[in-house]
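Shown next, in structure tokens, is the structure this report addresses.
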Number of protein chains: 2
Amino acid sequence: MNQHLQPVISTASSRIYETLRRDLVGGRFAAGEKLAINALKEHYHVGLSPLREALNKLAAYGLLIQENQRGFRVPTLSRSELDDIANMRLELEGMAFERAIQHGDDIWEAELLAAAHRLKRADLSLEKGEEWEVLHSQFHRTLVAPCGSVWLLRFIEQLHDQFDRYRRLGPKMPTVRQTLDGQHHELVELALQRDSKAARALMDDHIHKSYQVALKRYQEHA
Amino acid sequence: MNQHLQPVISTASSRIYETLRRDLVGGRFAAGEKLAINALKEHYHVGLSPLREALNKLAAYGLLIQENQRGFRVPTLSRSELDDIANMRLELEGMAFERAIQHGDDIWEAELLAAAHRLKRADLSLEKGEEWEVLHSQFHRTLVAPCGSVWLLRFIEQLHDQFDRYRRLGPKMPTVRQTLDGQHHELVELALQRDSKAARALMDDHIHKSYQVALKRYQEHA
DNA sequence: GTCAGTTAAAAAATCGATTATTATGTATAA
DNA sequence: TTATACATAATAATCGATTTTTTAACTGAC
């Protein structure tokens, strides 16, 4: 029998990890905030052990700071760290995109088109909520997926989560960002044309514009 | 009173994390091995909770694989992953070294000389044990320390740990690696001369030679 | 009023035991 | 034999309670 048809049992620990990760990236905790473990336990309806295991993982991942004998806190935000993250995205995603264009096959092309389409549909519906966020990161993941380096992908993922802590500051995406959304389509175009030079240039520009958005939000945040 | 003079109390969790990290990097577990939590508990004389928290952190860090409802196992080794890790080291450490040479001040120069000297002393005593390993990673950390990017340093650290899983396979460093050790000195030279171009070239060569060593060990390992 | 020292409350870390899941072994039927 | 269902053992995950440490509140001396 196909084991994949059986319901996939996940642990409480992995579920709360994913929930907390989303909430941290989505800005539902204040930067620098100290996490009250008992409150979290109640709020998310989980036991202490799975919760602590999730917090430990998040700390190792970089979405929490763990302090000796005094629990966990949300990392603070700073202009210099935002610059760092954006610069690293420029380097790593540019590199990954170039490689993906070299190695990606026609299945990748299809997935790219599909991911871009799904994202655009979400755009049009103007609901830039959690759904858009998911499709957006899936799109960017797809762009670089066939780069050939597991570790590169891992680092990029991590940087995206960090970057989004800045980009998603403040109220929920009220601004229209026509330019950025339009670039998603262009990125696919250049990828299909296998024009890695132009593709990287556009990726650089895309990240730079995203950076501008994130920076603005960070500055308006204070 | 200066609080730094008080003894630093660390948690059982952070201690066992560091111990396990060293043992995983040092190859005291077989690749692919399933970790018997009860056995670990006994062997390291720790309770279940701190142990599990450490294992969770190590999984998030990439030194363990966590499988749904079936505990933790040591990641397997593969030629393709070794290549990936070495390539990423080339890119990231090269980048970081260049930046460090641009930003590093005279304090850095002093620390570089010190770190290189300590490493050389350990070399001469021919005891390439754990002590040499510590000095060696400290030396490499120092080389890139003032690169200006916290995230870059973080990724490099992670890659080093992964790389060492291959480099340190098999018996404890019986081979004499005159060339590699000599390059450490040359790297410092070029850094002091602020010759970032030549420095990066040498760093590339150094990593490539390290890769050859690791590859050989990996192949002899089977 | 301020500050060191003390005590009480809160929180973090850990422990011991329980529950849930997977892996193993065995008997039975095809 | 081979496969399948069932029972059993082993292990992972989680819970509830305890211990340890930190933080906050309090006290009294200067």
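Points worth noting:
- Residue in the stretch A:8-22 that is at positive phi, within 16 Å of DNA strand D (Cβ to nearest atom) and outside any helix (DSSP H, G or I) present: no
- Residue within the stretch B:149-158 that is among the β-branched types (Val, Ile, Thr) and within 25 Å of A:LEU92 (Cβ to Cβ) present: yes
- Test for A:ASP161: is it among the charged types (D, E, K, R), within 15 Å of the chain's Cα centre (by Cα) and modelled with pLDDT of 95 or more: yes
- Identity of the residue in the stretch A:90-103, touching a helix residue (DSSP H, G or I) at 6+ places or on another chain (Cβ under 6 Å) and open to solvent by 10 Å² or more (accessible area, probe 1.4 Å), that ends up nearest to B:ASN56 (Cα to Cα): A:LEU90
- Only listed residue being part of a helix (DSSP H, G or I), closer than 29 Å to A:GLY129 by Cβ and within 14 Å of chain B (Cβ to nearest Cβ), chosen from A:ALA86, A:ALA110: A:ALA86
- Yes/no for A:VAL8 being farther than 24 Å from B:SER149 by Cα, of a type outside the set (Gly, Ala, Ser), modelled with pLDDT under 95 and not assigned by TED's automatic domain parsing to the domain that holds A:THR142: yes
- Candidates B:ARG22, B:ARG73 - the one that is among the basic types (Lys, Arg), within 16 Å of DNA strand C (Cβ to nearest atom) and under 26 Å from B:LYS172 (Cβ atoms): B:ARG73
- Test: residue in the stretch A:26-37 that is more than 20 Å from B:GLU53 (Cα to Cα) and within 13 Å of DNA strand C (Cβ to nearest atom): yes
- Check on B:LEU215, of a type in the set (A, V, I, L, M) and within 20 Å of B:HIS117 (Cα to Cα): no
- Count of residues meeting criterion [small (Gly, Ala, Ser) and buried (at least 17 other Cβ atoms within 10 Å of the Cβ)] in the stretch B:104-149: 7
- Considering residues of the stretch B:62-80 that are facing another protein chain (nearest Cβ under 9 Å) and over 19 Å from A:TRP151 (Cα atoms) only, the residue surrounded by the fewest Cβ atoms within 10 Å (Cβ to Cβ): B:GLN69
- Condition met for B:ASN68 (within 16 Å of DNA strand D (Cβ to nearest atom) and over 11 Å from B:LEU35 (Cβ atoms)): yes
- The stretch A:28-61, subset open to solvent by 40 Å² or more (accessible area, probe 1.4 Å) and touching a Lys or Arg at 6+ places or on another chain (Cβ under 7 Å), residue farthest from the other protein chains (Cβ to nearest Cβ): A:GLU33
The values are calculated or read from the model by the stated rules, or taken from the named source; none is laboratory data. None of the values given here were measured: they were computed from a predicted structure. Reconstructed Cβ throughout: ideal geometry from the backbone, glycine too, with neighbour counts over all protein chains shown. Surface areas here come from the heavy atoms of the whole protein model, side chains and all, with no ligands, DNA or RNA. Shrake-Rupley method; radii C 1.70, N 1.55, O 1.52, S 1.80 Å.
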